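The values are calculated or read from the model by the stated rules, or taken from the named source; none is laboratory data. As the structure is a prediction and not an experimental result, all values here were calculated from the model. Virtual Cβ from ideal backbone geometry, glycine too; neighbours counted across all protein chains shown. Each accessible area value is taken on the protein alone, full model and side chains, heavy atoms only, with ligands, DNA and RNA left out. Shrake-Rupley method; radii C 1.70, N 1.55, O 1.52, S 1.80 Å.
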Amino acid sequence: QVQLVESGGGLVQTGDSLRLSCAASEPTFSIYIMGWFRQAPGKGREFVATITWSSSTDYADSVKGRFTISRDNAKNTVYLKMNSLKPEDTAVYYCAASGRLRTTSVSDYDYWGQGTQVTVSS
């Protein structure tokens, strides 16, 4: 079982930046593809960004150029740096892990954190 704990959310203004962190309990963290997903009130959970064990990345079109996902395998941690935040980025952000090779599908992720709230005021 992989346990994931997110941190770094908060209330910010439009244009501000935040960095989310996700610490994993699994010592073989490096073999998992890690993803960030988000869920806004009344909406389904959606893909934001993913990173493979070799640091290949994928981004949703809505965040491309503004968000950066990275991982530090030595620290069992994945990050999401979010720049130029917009009110539409407001959501609960979830970290997730998958044993697949490369995927952005919510249903392919086996382990999930508890989520961290990000609120962007206009």
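Values as computed for the structure displayed
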read-out	value
Any chance Thr52 is touching a strand residue (DSSP E or B) at 6+ places or on another chain (Cβ under 7 Å), closer than 22 Å to Val2 by Cβ and of a type outside the set (Lys, Arg)	yes
Segment 88-122: number of residues that are in a helix (DSSP H, G or I) and of a type in the set (Ser, Thr, Tyr)	1
Within segment 31-87, tally of residues that are at pLDDT 95 or above, outside any loop (DSSP other than H, G, I, E, B), open to solvent by 50 Å² or more (accessible area, probe 1.4 Å) and in contact with a helix residue (DSSP H, G or I) (Cβ under 7 Å, 6 or more places away or on another chain)	0
Tally, over segment 1-30, of residues that are of a type in the set (Ser, Thr, Tyr), farther than 14 Å from Asp89 by Cα and either free of Cβ contacts under 8 Å to residues at least 40 places away in the same chain or open to solvent by 30 Å² or more (accessible area, probe 1.4 Å) (or both)	4
Residues that are farther than 19 Å from Gly15 by Cα and among the basic types (Lys, Arg), drawn from segment 70-122	Arg71, Lys75, Arg100, Arg102
